[in-house]
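Each value in this text was obtained by applying a stated rule to the coordinates, not by laboratory testing. Small disclaimer: the values here were computed from a predicted structure and weren't measured. Please note: Cβ atoms are built from the backbone with ideal geometry, for glycine as well, and neighbour counts cover all protein chains shown.
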Amino acid sequence: MASSTAPAAAKSIPSGLSREQLLEIYYYLRLTRSLEERLVNLYRQTKVIGGLFRSLGQEGESVGSAYALDRGKGDMLSPLIRNLGAMLVQGATPLEILRQYMAKAESPTRGRELNIHFGDLERGFIGQISHLGDMVPVMAGVALTFKMRKQPRVALAYVGDGAMSTGAFHEGINLAAVQRLPLVIICENNGWAYSTPSHKQTAVKQLADKAKAYGIPGVRADGNDVLACYEVTKQAVERARAGGGVTLIEFVTYRRKGHAEHDNQSYQPKEQIAEWEKKDPVDRYVATLKESGWAGESELAAVEQRVQAELDAAVALCENEPLPEVGTALEGVYANPAVMETEWYRRANA
Amino acid sequence: MPEVTYLEALRQGMWEEMERDERVFLLGEDIGNYGGAFKVTEGFTQKFGEQRVIDTPIAEAAIVGAAAGAAHMGLRPVAEMQFIDFISCAYDMLTNYVATARYRAGLPTPMVVRGPSGGYVRGGPFHSQNPEAAFLHTPGLKIVCPATARDAKGLIKSAIRDDDPVLYFEHKFLYRRIKEDLPEGEEILTPIGKARLAHEGKDLTIVTWSAMVFKALEAAEKLEKEDGLSVEVLDLRTLLPMDDEAIMASVRKTNRVLIAHEDTRTGGVAGEITARINDQAFEWLDAPVKRVAAHDVPLPYAPTLEDFVLPQTEDLIKAARWIAAY
């Protein structure tokens with residue numbers, strides 16, 4: 001019993017967070033990691049139809065930054081492929097993610113799109129496409145809407161070190177900066193764009209330095225320190241909400257898995273991976289919670305139990321669900337016409 | 001009734017829609033106080049304010065991407081490409097992001113991308129293009145190409161009200177060259193997906209759109225006078241979705257078809273129309289379907305070269321005579 005209560009001498013919690021919120025952040029971290037581990041099992045059983053993209057080692061910045069948005073105020077984000085954590089914080093459910101990966105009929109995209117490529121305007125996330133950088137102009141448009149309607153809402157777009165080389169990134173962040181839009185751009189610098197190291201991606205030493213080119217603040221934070229990511233994002237979000245415009249944030253982190261599950265990472269030095277494993281954001285967060293007296297063993301164990309039970313239930317529910325009916329493939333390309341024509345050779349009277 | 005130019009009709013259409021629906025806003029390069037390169041948006045900032053007439057950086061991908069984001073959120077953006085040639089800079093955004101948004105993610109994306117297209121203006125390779133074929137191949141987009149002042153107005157209004165993304169290719173040669181009586185106070189809404197019979201005939205059909213409609217009408221007049229041929233001119237108005245019904249009705253009536261477009265031949269829209277006629281009305285044909293299109297070269301600047309490369313009325317007449325004699 002004693003361990004479930006924080007010691008009286010606990011350090012004060014930074015960034016105005018409560019103990020409940022700290023545990024909630026832990027829940028999302030654990031959910032992200034465990035959900036991906038479940039997906040690995042399903043992938044090995046060939047139940048995941050396409051590729052599997054891990055965020056191992058990056059869950060901290062993804063969860064910490066998304067947690068800094070105000071869902072009550074209607075803040076919105078656009079994730080990238082390693083932002084499962086951000087999507088879960090914003091309200092995506094493990095069941096939806098599992099159905100997406102397994103291309104189920106009941107998946108949010110009804111089997112049209114892969115993995116975490118889906119969105120929900122109500123819950124405040126807009127699904128990415130594979131063309132890197134494209135979501136920056138789109139989220140600038142979302143933020144433009146907030147500005148035009150004088151709504152105190154903020155948009156957040158994630159990019160990687162690779163996406164920052166694209167023209168769409170440049171055009172989008174520049175437009176947003178000129179218009180002083182309530183937009184936060186987070187660059188997850190995980191060292192690798194597929195097999196290309198950052199130094200072959202850009203000649204700048206720090207990606208945050210690119211902010212200067214747009215006349216906006218660029219800040220840098222330890223991407224494996226959950227609370228630092230929360231704090232720096234919170235400041236950028238509130239600055240945007242107050243009319244201060246765009247901020248570019250660089251989270252320095254590391255991609256401990258390959259580009260996708262099929263990738264054997266032969267190009268990544270083993271000692272580099274091992275070194276970053278010691279800086280694991282979830283382990284570090286747990287240690288901080290315990291050392292600071294902000295959470296006890298039994299509270300953390302309860303979160304872990306809750307996560308596993310939720311995942312057990314979600315996997316059991318959807319594992320044997322059907323794939324989409326073929327006819328649905330022709331629906332919804334347009335609002336009007338609602339259904340596209342079947343090719344002549346597939347019609348009965350061909 | 002006041003005489004209205006093609007350009008003024010387009011202006012009126014946007015103006016009326018912005019007055020009617022506060023969700024409608026414009027974004028593009030130099031469209032604000034300057035009023036746009038062709039003055040299509042002159043006076044709009046003064047009337048509707050900078051919030052609804054947004055001058056942007058030279059960044060077509062950002063213009064289209066931001067329009068898409070705003071459209072998802074319930075607004076009705078009209079994005080201008082200063083010359084439609086520059087729409088290629090937003091090709092990725094249009095074909096990968098905008099066109100797929102509803103299908104892959106259920107995202108409403110009601111937006112218009114419009115701009116001046118077409119040649120015969122000595123604009124050279126980068127101020128004369130007709131990009132319709134590049135987008136016809138993309139499910140999820142709609143494409144309209146008005147030829148008359150009435151349709152310039154009616155199609156922009158319908159495009160703005162449409163729940164799908166619409167590419168609106170206006171022809172800059174027509175901007176101030178054609179005029180039409182448009183009654184004030186009449187709500188003109190040209191339906192998207194419906195062709196217009198520009199001239200009735202019974203011996204041969206010219207299927208065409210945009211500025212080429214006028215060359216087809218000239219050819220029809222001359223052929224009637226000199227050859228006694230009765231030529232039908234079908235103005236498609238919308239290329240995507242295409243009005244197959246109207247095309248086939250005319251094919252069944254005249255049994256001879258010439259397809260004329262200003263864009264280059266190979267991979268051009270005429271090929272698609274020919275395939276549709278082959279699929280749906282092969283047994284009604286008395287002659288092969290033929291095309292008149294631009295030569296397969298980038299459009300050159302010198303008047304001698306441009307006039308040679310682009311199809312002229314005489315080319316249509318020659319081709320029509322060949323088909324009629326077959």
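Between segment B:242-311 and segment A:215-251, how far is it from one alpha carbon centroid to the other, in angstrom? Distance between centres, Cα-based: 56 Å.
Entry for segment B:3-181 at q = 0.09, 0.10, 0.16 Å⁻¹: log10 I(q)/I(0) = -0.27, -0.33, -0.90, Debye formula applied to identical alpha-carbon scatterers, no solvent contribution. Every Cα-Cα pair in chain B was counted, and those over 39 Å apart are 12% of them. So which lysines pass the test for residue A:279, namely a Cα distance under 20 Å, with those fewer than 8 places away in the same chain ruled out? Once the sequence-local lysines are set aside, what remains near residue A:279 is A:257, A:270, A:290. Taken as Cα centroids, segment A:138-190 and segment B:184-199 sit 39 Å apart, rounded to the nearest whole angstrom. Quick one: grab the alpha carbon gyration tensor of segment A:266-330, order the square roots of its eigenvalues as a ≥ b ≥ c, and give me rounded if a/c is under 1.5, else prolate or oblate depending on whether a/b is larger than b/c. Since a/c reaches 1.5 but b/c is at least a/b, the shape of segment A:266-330 is classed as oblate.
Here the gap between residue A:10 and residue A:344, fully extended at 0.36 nm per residue and compared with their Cα-Cα distance, gives a gain of 113.0 nm. In summary, the lysines within cross-link reach of residue B:222, defined as a Cα separation below 20 angstrom excluding same-chain residues under 8 places away, comprise B:202, B:290, B:318. Restriction of the GluC sites (Glu not before Pro) in segment A:36-118 to DSSP coil positions whose beta-carbon has at most 16 other beta-carbons within 10 angstrom yields A:106. Taking the Cα centre of chain A as reference, the dipole from Cβ charges on Lys and Arg (+1) and Asp and Glu (-1) amounts to some 820 debye. Of the beta bridges in segment B:3-181, as assigned by DSSP with both residues counted there, near 15 percent are antiparallel.
Under unit Cβ charges (Lys, Arg +1; Asp, Glu -1), what dipole magnitude, rounded to 20 debye, does segment B:3-181 have relative to its Cα centre? Present the calculation step by step, with values, prior to reporting the outcome.
On the way: 20 positive and 24 negative charges, 45 e Å.
The dipole magnitude comes to about 220 debye.
Using a cutoff of 8 angstrom between alpha carbon atoms and counting only pairs six or more residues apart, the relative contact order for chain A works out to 23 percent.
A compact globular protein would have a Cα radius of gyration near 2.2 N^0.38 Å; the ratio found for segment A:197-313 is 1.36. The magnitude of the dipole of the protein assembly as shown, with charges of +1 and -1 set on the Cβ of Lys/Arg and Asp/Glu and taken from the Cα centre, is near 1060 debye. For segment B:91-187, just say rounded, prolate or oblate: build the C-alpha gyration tensor, square-root its eigenvalues into a ≥ b ≥ c, call rounded for a/c under 1.5, and beyond that prolate if a/b exceeds b/c, oblate if not. Because a/c hits 1.5 or more and a/b fails to exceed b/c, segment B:91-187 counts as oblate. Here the mean projected area of the convex hull built on the C-alpha positions of segment A:167-235 is 5.2 nm². Helix B:60-72 and the long axis of chain B differ in direction by around 70°, with both axes built from C-alpha atoms. Orientation-averaged projection of chain A equals 20.7 nm² [convex hull of Cα atoms, one quarter of hull surface area].
Of the cross-linked pairs B:47/B:194; A:73/B:47; B:157/B:179; A:147/B:157; A:150/A:212; B:39/B:153, those separated by over 22 Å at the C-alpha level are B:47/B:194; A:73/B:47; A:147/B:157; A:150/A:212. Dipole of the protein assembly as shown computed with +1 at Lys/Arg Cβ and -1 at Asp/Glu Cβ about the Cα centre; of B:31, A:114, B:108, farthest Cα towards the positive end is A:114. The H on the amide N of residue A:219, modeled in the peptide plane, is under 5 Å from the matching H of A:248, A:249, A:250, each at least 5 residues off or on a different chain.
Taken as Cα centroids, segment B:96-166 and segment A:90-116 sit 32 Å apart, rounded to the nearest whole angstrom.
Proximity of backbone amide H atoms, modeled 1.01 Å from N, is registered between residue A:195 and no other residue at under 5 Å, excluding neighbours fewer than 5 places apart on the same chain. Charged neighbours of residue A:210, selected by a Cβ distance under 15 Å, balance to -2 (K, R count +1; D, E count -1). Checking the a/c ratio against 1.5 first, then a/b against b/c, what shape does the Cα gyration tensor give for segment B:196-325? Here segment B:196-325 falls in the oblate category. Each of B:25, B:86 has some number of other Cβ atoms within 10 Å of its Cβ, and from fewest to most they run B:86, B:25. Partners of residue A:104 within straight-line reach, counting lysines whose Cα lies under 25 Å from its Cα and excluding those fewer than 8 residues away in the same chain: A:47.
Can you give the translational diffusion coefficient of the protein assembly as shown in µm²/s, computed by Stokes-Einstein from the Kirkwood radius over Cα pairs at 25 °C and 0.890 mPa s?
Working: Rh = 27.4 Å.
Using the Kirkwood radius from Cα pairs, D works out to 89 µm²/s.
Backbone geometry of segment B:219-231 corresponds, through the Karplus equation with coefficients 6.51, -1.76 and 1.60 at θ = phi - 60°, to 3J(HN,Hα) couplings of 4, 4, 5, 5, 5, 5, 5, 8, 10, x, 8, 9, 9 Hz, x marking Gly and Pro. Taking the longest Cα principal axis of chain B as reference, the axis of helix B:244-254 is set at about 20 degrees.
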